[in-house]
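Accompanying notes for the structure given below.
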Amino acid sequence: MQLLTPVTVGLLELPNRLVMAPMTRLRAGTDAVATPLIAEYYAQRATAGLLITEGTFPSAESKAYPGQPGIASEEQAAGWALVADAVHAAGGHVFAQLMNGGRVSHPEITGTARIVAPSAIAIEGEVRVPGGSKKPYPVPHALDGAELEIVRDEFVLAARRAIAAGLDGVEVHSANGYLLHQFLSPASNVRTDGYGGSPAARARFVIEVTRAVAAEVGAARVGLRISPERNIQDVWEKDAADVRATYEALVDGVAPLGLAYLSVLHPDLDGSLVRDLRRRFGGVVVANSGVASPTTRDEAETLVSSGVADAVAVGRALIANPDLVARWREGADENAVDQASVYGPDARGYTDYPALTTVGG
């Protein structure tokens, strides 16, 4: 399988092209520190070429979920050092995904006086807060120019902490409806300053954050994740011409940096939009097709062997199959995901999935 052949990603020589997609798991405690259990979870999956951690918040104000781990303090960074050491001891490589949730949160989650966004537009619906109850999403505070610099610098400091903790790199999360993605959409960003109005202006803050992170830790240690037309969490991107103009501006802005990779989540990875973005980026592209359904072995192999992508990000199959590389190499059966145990709080459905040797495969 070409999927299981080596590939160079930034500074790393990966043994295969299978990337563990970042997936929210909510196993950290109230201190948001990555625990030995979290380290065990990632180490179990270290045979994948590259692991991308769950979204990790760079500041208290950017926390999106109870149980989400952070890297906003030295104590939290020390938790990620446990993860890095465990993954490296198992022969793997790991990037931390840096994620500011923006308006996808609530003050009862962040413990701060407000939540933030490009514009003061709330998400419709309710959010689950600590204790299990649901409350309406609040109207967020629209970040001003000076506050944007603070948010950018929080990403930079988080990246610095991640590398100091021994992680191999960081992924800037600009997808799935969180803060950076909110800047890209005309539905969530109605600013009239230099960060809103036109596609290029809406792409500006994502470019600035990515550039600053790359300047701090080296572009070869930085990936960027995007999800054009994802239409999630009220980040609507339904005008095809506007989407194309926005993401072309974004990719043109980051392409000269020499990033480790661009990760693209999209249902039509061989369509004209993603093909154009791949060409403009000019570097390693990680494809993620698991929008409506989990990515299969055959689908992942086809994405690589046909030249659609250099590597494939896989999520749910790696939750249930820590030894997915061996299973896909051998064509073995796979464990099914226990959906009820995906989101916290303990080892069930996290580190207790059977390996091939356990099931006699």
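Observations, loosely collected:
- Mean ellipticity per residue at 222 nm, deg cm²/dmol - from DSSP H runs of n ≥ 4 across the chain, formula -39500 (n - 2.57): -10000 deg cm²/dmol
- Fraction of antiparallel bridges per DSSP, the range 20-151 only, in percent to nearest 5: 25
- To put it simply, the accessible area of the range 40-198 at a 1.4 Å probe is 54 percent carbon and sulfur.
- Phi-derived couplings, Karplus 6.51 cos²θ - 1.76 cosθ + 1.60 at θ = phi - 60°, listed residue by residue for the range 324-334: 4, 4, 5, 4, 6, 5, 8, x, 7, 5, 10 Hz, with x used for Gly and Pro.
- For the range 131-190: rounded, prolate or oblate by the Cα gyration tensor [a/c cutoff 1.5]: prolate
- Stokes-Einstein diffusion of the range 156-281 at 20 °C, 1.002 mPa s viscosity, Kirkwood radius from Cα pairs, rounded to a whole number: 147 µm²/s.
- For the chain, fraction of C-alpha pairs farther apart than 33 Å, in %: 23
- Residue order for 328, 236 - accessible surface, 1.4 angstrom probe, largest first: 236, 328
- Three-way shape label, the range 212-291, alpha-carbon gyration tensor, a/c 1.5: prolate
- Rounded to whole numbers, the Karplus 3J(HN,Hα) couplings from phi for the range 56-72 are 10, 7, x, 7, 4, 5, 9, 5, 9, 9, x, x, 7, x, x, 9, 9 Hz, using 6.51 cos²θ - 1.76 cosθ + 1.60 with θ = phi - 60°, and x at Gly and Pro.
- Kirkwood estimate for the range 1-139, i.e. one over the average of 1/r between Cα atoms, Å: 16.1
- Once C-alpha pairs closer than 8 Å and six or more residues apart are averaged by separation and normalised to the residue number of the chain, the relative contact order reads 17 percent.
- Surface analysis of the range 97-174 yields an accessible area of 38 Å² per residue, using protein heavy atoms and a 1.4 Å probe.
- For residue 141, distant residues with modelled amide H under 5 Å away: 115, 116, 117
- Taking all protein chains into account, the per residue accessible area for the range 216-361 stands at 41 Å² (1.4 Å probe).
- Zero-based 10 Å bins, Cα pair distances in the range 7-78, whole percents: 19, 45, 29, 7
- Only protein heavy atoms count here; on that basis, with a 1.4 Å probe, residue 238 has an accessible area of about 150 Å².
- Pairs of Cα atoms in the range 186-226 fall into 5 Å distance bins, from 0 up to the last occupied one, in shares of 6, 23, 24, 17, 15, 11, 4 percent.
- For residue 8, the accessible surface of its heavy atoms amounts to roughly 70 Å² (probe 1.4 Å, protein chains only, rounded to the nearest 10).
- Shape of the range 113-160, Cα gyration tensor, a/c cut at 1.5: oblate
- Probe 1.4 Å - accessible area at residue 93, Å² to nearest ten: 40
- Two-decimal Rg/Rh across the range 245-361, once Rg and the Kirkwood Rh are taken from alpha-carbon atoms: 1.06
The values are calculated or read from the model by the stated rules, or taken from the named source; none is laboratory data. Only a predicted model underlies this, so the values are computations on that prediction, with no experimental measurement involved. Just so you know, the surface numbers come from the protein's heavy atoms only, side chains and all, with ligands and any DNA or RNA stripped out. Shrake-Rupley method; radii C 1.70, N 1.55, O 1.52, S 1.80 Å.
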